[in-house]
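Written below as structure tokens is the structure these notes are about.
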């Protein structure tokens, strides 16, 4: 899902509205919904962390649109920071899964 979102983002980046990148916002919203679906159907903690931070990415899209005093660069930096937390949660979840499998726990 993350790979598909990252591949679709440059393609969707051309659709814009005043103060809002509609295409990127749409891709990030779909990713947040998909991660939320996975988090609610799974018992792993990292899926919840990834879904929550992806929703923060979606909120960061909306902040400059809702308040003109917020710098666009600050909104982009916050989207990047929350996106890195999503990737970190995925990586830590992968490490946790491999450790559990090596210890004999089924995942």
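Quick notes
- Condition met for residue 9 (surrounded by 15 or more Cβ atoms within 10 Å (Cβ to Cβ) and more than 11 Å from the chain's Cα centre (by Cα)): yes
- Test: residue in the stretch 52-61 that is over 19 Å from residue 1 (Cα atoms) and touching a residue at least 24 places away in the same chain (Cβ under 8 Å): yes
- The criterion of being more than 17 Å from residue 44 (Cα to Cα) and either at pLDDT 95 or above or out of contact with any helix residue (DSSP H, G or I) (no Cβ under 7 Å at 6 or more places or on another chain) (or both) does not hold for residue 105.
- Test for residue 34: is it surrounded by fewer than 19 Cβ atoms within 10 Å (Cβ to Cβ), on the phi < 0 side of the Ramachandran plot and within 9 Å of the chain's Cα centre (by Cα): no
- Out of 90, 94, 48, sole residue that is assigned to a helix (DSSP H, G or I), out of contact with any helix residue (DSSP H, G or I) (no Cβ under 7 Å at 6 or more places or on another chain) and at pLDDT 90 or above: 94
- Unmet requirement for residue 90, which otherwise passes all of (1) surrounded by 15 or more Cβ atoms within 10 Å (Cβ to Cβ); (2) more than 12 Å from the chain's Cα centre (by Cα): (2)
- Cβ-Cβ under 7 Å pairs, at least 6 apart or on other chains, the stretch 76-88 side over 16 Å from residue 62 (Cβ atoms), far side surrounded by 14 or more Cβ atoms within 10 Å (Cβ to Cβ): 85/53; 86/50; 86/53; 86/54
- Answer residue from the stretch 68-80, given it is surrounded by 14 or more Cβ atoms within 10 Å (Cβ to Cβ) and modelled with pLDDT of 90 or more and is farthest from residue 32 (Cα to Cα) among those: 78
The values are calculated or read from the model by the stated rules, or taken from the named source; none is laboratory data. A quick note: this is a predicted structure, and the numbers were derived from the prediction, not measured. Please note: Cβ atoms are built from the backbone with ideal geometry, for glycine as well, and neighbour counts cover all protein chains shown.
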